[in-house]
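Colleague: Can you read through this structure? Questions will come right after.
Each value in this text was obtained by applying a stated rule to the coordinates, not by laboratory testing. This is a predicted model, so every value here is computed, not measured. Cβ atoms come from the backbone with ideal geometry, glycine included; neighbour counts cover every protein chain shown.
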């Protein structure tokens with residue numbers, strides 16, 4: 001790598017164990033057995049309910065997920081729609097898939113993804129993440145792009161472990177793939193509308209069909225609204241915060257004929273709402289409990305919270321079948337602008353004024369970050385073999401170009417009009433290209449060897465400047481421009497062996513090497529240094545099995561894994577200076593296992609269950625990070641004498657729960673004339689998490705349990721549906737993140753939401 005810098009807990013409490021046990025027991029309603037006559041046994045078997053067949057593109061070609069050596073979970077449209085029925089953004093996926101966590105300190109605009117504990121807590125708009133998001137075959141690099149709304153999907157695929165061979169750099173943890181419903185020649189349409197708590201209104205709809213001459217089209221849209229519902233007790237304004245209005249749409253046009261398949265996609269998003277709401281001193285000092293009497297619907301802040309986002313994108317996916325091979329071309333462009341402003345201290349006043357609260361507020365903190373410019377262009381050319389017998393292969397070229405400008409503002413909270421009193425800017429040009437190849441070879445009728453290789457070249461040119469410092473009263477002035485150029489090349493690879501022990505059993509072993517390109521951090525609003533993290537590499541090992549059971553009435557998949565990352569990229573966020581610094585840990589080790597199961601326990605009862613155990617550890621004896629700036633937290637790590645630095649060797653990664661469980665159950669009661677009644681419940685549990693790289697009593701997130709419930713009635717053979725739903729019905733209130741530089745600031749999980757929904761399908 002070349003670098004140039006110039007200065008121009010316990011997994012389940014008794015309470016939660018009981019809750020999960022109740023969830024497992026409640027849906028199991030006895031079904032009266034049907035005694036078939038001997039002559040009807042064959043017919044009865046043929047008509048027995050079975051799990052639906054699934055086709056995925058986890059290896060960039062259509063395959064049965066039960067036959068491939070990839071640790072993955074597939075989420076179908078019904079489950080997706082139910083989990084987000086309360087108006088949730090993409091964070092609804094957190095914990096609903098083994099080893100997956102998603103959180104955000106921005107709110108709806110900036111999701112941070114974690115798989116097997118690997119992620120990035122950095123809140124900078126130029127932050128690099130080790131989990132890649134691929135939406136309709138297009139990689140979305142910037143974290144703002146990764147929040148594009150989830151609507152009118154065919155499926156979601158979560159691929160765990162390094163995926164560098166076929167999906168490229170910055171995938172050492174895995175990939176989350178979103179695949180939209182595609183245009184077909186058959187007419188298809190649906191509409192769903194719901195109304196719920198906080199005057200939440202959600203609409204989603206799509207219409208598509210053939211246009212003649214090989215052409216088809218599909219248009220889909222989503223509208224979400226929620227009223228402000230949180231009172232600001234400092235200003236006396238009721239229902240002042242936490243509302244939003246969001247709109248997203250997608251239009252697809254497709255041509256199929258004479259070996260040519262061309263799919264054109266144009267999409268758009270507009271968001272106007274409240275930024276993440278920070279709450280001052282919500283942790284009890286000396287433990288990880290929330291302060292008594294904490295209310296979701298009240299805050300006391302003297303700053304402003306707002307968020308505006310606009311995103312436009314277009315892509316062309318064109319394939320041509322030459323007979324023995326097919327050529328794919330995927331060309332895509334993304335453009336996004338965002339500005340998010342928040343009261344970072346989460347309270348009002350300051351100690352030097354003599355008036356402040358809630359709790360101790362040493363100084364005010366109100367800032368904003370925005371992308372006035374972001375453009376991404378990608379191009380992939382890929383050749384794929386067509387039925388070459390024992391050997392299948394694919395090979396291609398990938399190109400990536402990103403231009404980004406990040407603005408950072410600070411505001412004088414106590415001055416009339418709260419004017420800007422600090423400004424810094426970053427600009428980065430990132431160019432990357434790659435060559436890759438992958439192949440499968442049948443060693444026998446039941447044994448398959450797969451191997452792949454990818455060469456990547458990544459180059460970043462960066463410049464940062466501060467024109468005004470919020471600390472000017474201390475003599476701190478402008479700085480820069482500071483330039484940083486980093487580049488590196490790397491080879492990612494994977495080798496796997498899968499054995500079809502029977503038609504219903506697949507065993508696999510896999511070794512993979514992944515790569516995360518070097519990163520640059522230069523948010524100079526409160527600091528004077530541009531930091532660079534060199535490339536991160538991971539070596540991962542997996543053993544797993546995939547079973548179809550009981551004549552395809554059940555599936556059970558499990559994977560055990562262990563990995564080592566060298567030069568692991570970490571971001572030391574916050575601390576006394578509220579400055580983000582990139583660092584490399586010598587090594588991070590991880591190990592764990594994942595279980596995915598689904599079953600038709602009866603013809604009327606369908607259940608899914610997932611769990612994961614994950615253990616991560618930072619290994620770097622000399623690595624230290626800045627601790628909380630407030631002096632209010634109880635640090636558990638060794639603090640270097642005479643400094644505010646704590647050694648983090650041996651700590652787990654932040655936002656990496658050791659245990660995750662999820663469960664769903666759907667029980668149906670068929671009625672006459674094509675009518676049906678159903679009950680649906682979903683449960684999600686995660687164990688405690690650390691919010692930062694250092695460990696502190698207060699900044700440990702307590703275990704979280706969230707439950708959803710839905711009751712519905714369908715008629716006309718499922719064409720129409722009406723349902724009542726509830727999200728987080730137990731009203732669990734826990735912190736899911738924190739800010740440590742000012743006070744014991746935190747932010748909370750989503751509130752309970754209930755409502756009714758109507759759906760029509762055509």
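Colleague: Within region 623-653, what residues put their amide N at less than 18 Å from the label point 7 Å along the Cα-to-Cβ vector of residue 697?
Modeller: The answer is 627-639.
Colleague: Tell me, 436, 692 in order of fewest to most beta-carbon neighbours within 10 Å? Intermediate results must be reported in sequence, preceding the final value.
Modeller: On the way: 436 24, 692 28.
Going from least to most buried by this count: 436, 692.
Colleague: Hey, another quick one. Compactness ratio of region 551-640: Cα Rg over 2.2 N^0.38 Å, N = residue count?
Modeller: Working: Rg = 20.9 Å, N = 90, 2.2 N^0.38 = 12.2 Å.
Against the empirical 2.2 N^0.38 Å value, I get 1.72 for region 551-640.
Colleague: May I ask for the distance between the Cα centers of region 588-637 and region 212-274, given as a whole number of Å?
Modeller: After rounding, the separation between the Cα centres reads 32 Å.
Colleague: Can you report the principal axis dimensions of region 62-142 using only the alpha carbons, biggest first, rounded to whole angstrom?
Modeller: Principal-axis extents of region 62-142 (Cα, largest first): 40, 30, 24 Å.
Colleague: Could you line up 634, 745, 355, 506 from fewest to most neighbouring Cβ atoms inside 10 Å? Before the final figure, lay out the partial values.
Modeller: On the way: 634 14, 745 29, 355 9, 506 24.
The fewest-first ordering by Cβ neighbours comes to 355, 634, 506, 745.
Colleague: How do 460, 79 rank when sorted from fewest to most other Cβ atoms within 10 Å of their own Cβ?
Modeller: Details: 460 22, 79 18.
Lowest count first: 79, 460.
Colleague: Given a Förster distance of 25 Å, report the FRET efficiency between residue 324 and residue 397 from their Cβ-Cβ distance, rounded to the nearest 0.05. Kindly include the intermediate steps, with their values, before the conclusion.
Modeller: Numbers: r = 20 Å, r/R0 = 0.79.
It comes out at approximately 0.80.
Colleague: In deg cm²/dmol, rounded to 500, what helix-only [θ] at 222 nm does the chain give when every DSSP H run of at least 4 residues adds -39500 (n - 2.57) and the total is split over its residues? Let's see the in-between values first.
Modeller: Values: 4 runs with 30 residues, N = 762.
Estimated from H runs of four or more residues: -1000 deg cm²/dmol.
Colleague: Follow-up question, since we're still on this one. For a Förster distance of 45 Å, can you work out the FRET efficiency between the beta-carbons of residue 505 and residue 223, rounded to the nearest 0.05?
Modeller: My answer for the efficiency is 0.50.
Colleague: Could you check the spin-label model distance between residue 312 and residue 78? Points 7 Å from the Cα along Cα→Cβ, value in nm.
Modeller: Those two pseudo-labels are separated by 4.0 nm.
Colleague: Another question, then. Arranged from highest to lowest average of other beta-carbon atoms within 10 Å per residue, in what order do the peptides 750-762, 167-179, 704-716 appear?
Modeller: Numbers: 750-762: 16.4, 167-179: 26.0, 704-716: 18.4.
Taking the mean over residues of other Cβ atoms within 10 Å, the ranking is 167-179, 704-716, 750-762.
Colleague: Here is a further query. When only alpha-carbon atoms are used, what values of Rg and Dmax, in angstrom, describe region 617-762?
Modeller: Over region 617-762's Cα set, Rg and Dmax evaluate to 22.8, 78 Å.
Colleague: Separation between the residue 64 and residue 193 pseudo-spin-labels, each 7 Å from Cα along Cα→Cβ, expressed in nm?
Modeller: In this crude spin-label approximation the distance works out to 4.3 nm.
Colleague: At a 10 angstrom cut-off on C-beta neighbours, averaged per residue, how do the peptides 69-76, 233-240, 594-601 rank from highest to lowest?
Modeller: Working: 69-76: 22.6, 233-240: 14.4, 594-601: 19.1.
The most tightly packed comes first, giving 69-76, 594-601, 233-240.
Colleague: Can you give the Rg to Rh ratio of region 300-408, both from alpha-carbon atoms, with Rh computed by the Kirkwood formula?
Modeller: Numbers: Rg = 25.1 Å, Rh = 18.3 Å.
With Rh from the inverse mean 1/r over Cα pairs, Rg/Rh is 1.37.
Colleague: Using the basic label-point model (7 angstrom from Cα toward the beta carbon), what is the residue 431 to residue 754 distance in nanometres?
Modeller: Taking the simple label geometry, residue 431 and residue 754 are separated by 5.9 nm.
Colleague: Right, something else. For the pair residue 541 and residue 586, what calculated FRET efficiency results from E = 1/(1 + (r/R0)^6), where r is the Cβ-Cβ distance and R0 = 25 Å, to the nearest 0.05?
Modeller: Details: r = 20 Å, r/R0 = 0.79.
Computed FRET efficiency for residue 586 and residue 541 comes out at 0.80.
Colleague: Now, a different point. Say a paramagnetic label sat at a point 7 Å from the Cα of residue 489, along Cα to Cβ; which residues of region 501-540 have their backbone N under 20 Å from it?
Modeller: Taking a point 7 Å out along Cα→Cβ of residue 489, the residues of region 501-540 whose backbone N falls under 20 Å are 513-519, 534-538.
Colleague: Also, I was wondering about something else. Taking 0.36 nm per residue of sequence separation and subtracting the Cα-Cα distance, how much length would be gained by fully extending the chain between residue 471 and residue 298, in nm to one decimal?
Modeller: Details: separation 173, 0.36 × 173 = 62.28 nm, distance 3.08 nm.
Full-extension gain reported as 59.2 nm.
Colleague: Roughly what % of Cα-Cα distances in region 372-419 sit above 13 Å, to the whole percent? Please list the in-between numbers first.
Modeller: Working: 851 of 1128 pairs.
Of the Cα pairs, 75 percent sit more than 13 Å apart.
Colleague: Given the Cα-Cα distance of residue 268 and residue 724 and 0.36 nm per residue of separation, how much length would full extension add, in nm? Spell out each step's value before the answer.
Modeller: Working: separation 456, 0.36 × 456 = 164.16 nm, distance 2.99 nm.
So the chain would gain 161.2 nm between residue 268 and residue 724.
Colleague: Could you give the distance between the Cα centres of region 323-347 and region 521-582, to the whole Å?
Modeller: Region 323-347 and region 521-582 have Cα centres separated by 20 Å.
Colleague: Using 0.36 nm times the number of residues separating residue 52 and residue 245, minus their current alpha carbon distance, what extension gain do you get?
Modeller: Value of the extension gain: 65.9 nm.
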